[in-house]
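Novice: Take a look at the following structure, please.
The values are calculated or read from the model by the stated rules, or taken from the named source; none is laboratory data. This is a predicted model, so every value here is computed, not measured. So basically every Cβ, Gly included, is an ideal-geometry build from the backbone, and we count neighbours across all protein chains shown. Heavy atoms of the whole protein, side chains included, go into the accessibility calculation; ligands, DNA and RNA do not. Shrake-Rupley method; radii C 1.70, N 1.55, O 1.52, S 1.80 Å.
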Amino acid sequence: MAFTVREARVEDTVHIVRMIKELAEYEKIAEQVTQTQEGLIEDGFTASPFYKCLVAEVPAEQACRGHTIVDYAMYFFTYGSHKGRSIYLEDLYVMAELRGRGIGSEFLRRVSEIALQNKCSRLNFVVYEENKPSIDFYIAKGAVDLTKSERWHLFRFEKEQMEGLAGGKGQNIPTCPSE
């Protein structure tokens, strides 16, 4: 199968939203998706993007379910106090019909290459616990499950909790005593 992995363009966002929804359906969390094409454009195609994205494109004669943009890998840069620069792989999605054809491996190769070019020391990501095929894929590539090996747990505050935490919008923030 012929495919090209390239940086996403604004016009690809309609396909990226479609695939985000497909991934969420696969993970049985479709009701959690609120992302829109407009949100992807605003967050990824500005002077200071919050994310970067690669897409896999196939020739028209190899379209999958009528689509030539068939897979995506979304990532962004982070920073860790222990190791410095890192890259976080938010999603790596390959349509079910195209799995096992090297696209996922090519995405990992490209994201790793981007990480190294940007002097990142880590590539971090999470995998839904029930997504055994992906867990097996990453472990076969050499990934380490930090939940098992280092006992790190991923936690989250949703917007409602952050609003509660922010409370008075900074009114109760302690200040350092003046010297």
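Novice: Filter region 43-85 down to the residues that are of a type in the set (S, T, N, Q) and touching a strand residue (DSSP E or B) at 6+ places or on another chain (Cβ under 6 Å) and list them by number.
Specialist: Selection gives Thr68, Thr78.
Novice: Ok, one more. Can you tell me how many residues within region 15-51 are among the aliphatic types (A, V, I, L, M) and open to solvent by 70 Å² or more (accessible area, probe 1.4 Å)?
Specialist: Number satisfying all stated conditions: 1.
Novice: While we're here: Can you say whether Val55 is surrounded by 12 or more Cβ atoms within 10 Å (Cβ to Cβ) and assigned to a helix (DSSP H, G or I), as far as the supplied structure shows?
Specialist: No, not satisfied.
Novice: Is there a residue in region 81-88 that is over 14 Å from the mean Cα position of the chain (by Cα), of a type outside the set (Lys, Arg), more than 21 Å from Asn131 (Cα to Cα) and outside any loop (DSSP other than H, G, I, E, B)?
Specialist: Within region 81-88, one or more residues are over 14 Å from the mean Cα position of the chain (by Cα), of a type outside the set (Lys, Arg), more than 21 Å from Asn131 (Cα to Cα) and outside any loop (DSSP other than H, G, I, E, B).
Novice: Yes or no: Thr13 out of contact with any Phe, Trp or Tyr (no Cβ under 6 Å at 6 or more places or on another chain) and polar (S, T, N, Q)?
Specialist: It is true that Thr13 is out of contact with any Phe, Trp or Tyr (no Cβ under 6 Å at 6 or more places or on another chain) and polar (S, T, N, Q).
Novice: Taking region 72-129 on its own, how many of its residues are over 21 Å from Ala140 (Cβ atoms) and of a type in the set (S, T, N, Q)?
Specialist: Of the residues in that region, 6 qualify.
Novice: Which numbered condition in (1) under 17 Å from Thr78 (Cα atoms); (2) charged (D, E, K, R); (3) part of a helix (DSSP H, G or I) is the only one that Arg109 fails?
Specialist: Tallying (1) under 17 Å from Thr78 (Cα atoms); (2) charged (D, E, K, R); (3) part of a helix (DSSP H, G or I), Arg109 fails exactly one: (1).
Novice: Next question. If I filter region 93-111 for residues that are open to solvent by less than 70 Å² (accessible area, probe 1.4 Å), at pLDDT 95 or above, in contact with a helix residue (DSSP H, G or I) (Cβ under 6 Å, 6 or more places away or on another chain) and not β-branched (Val, Ile, Thr), do I get at least one hit?
Specialist: Yes, that holds for at least one residue.
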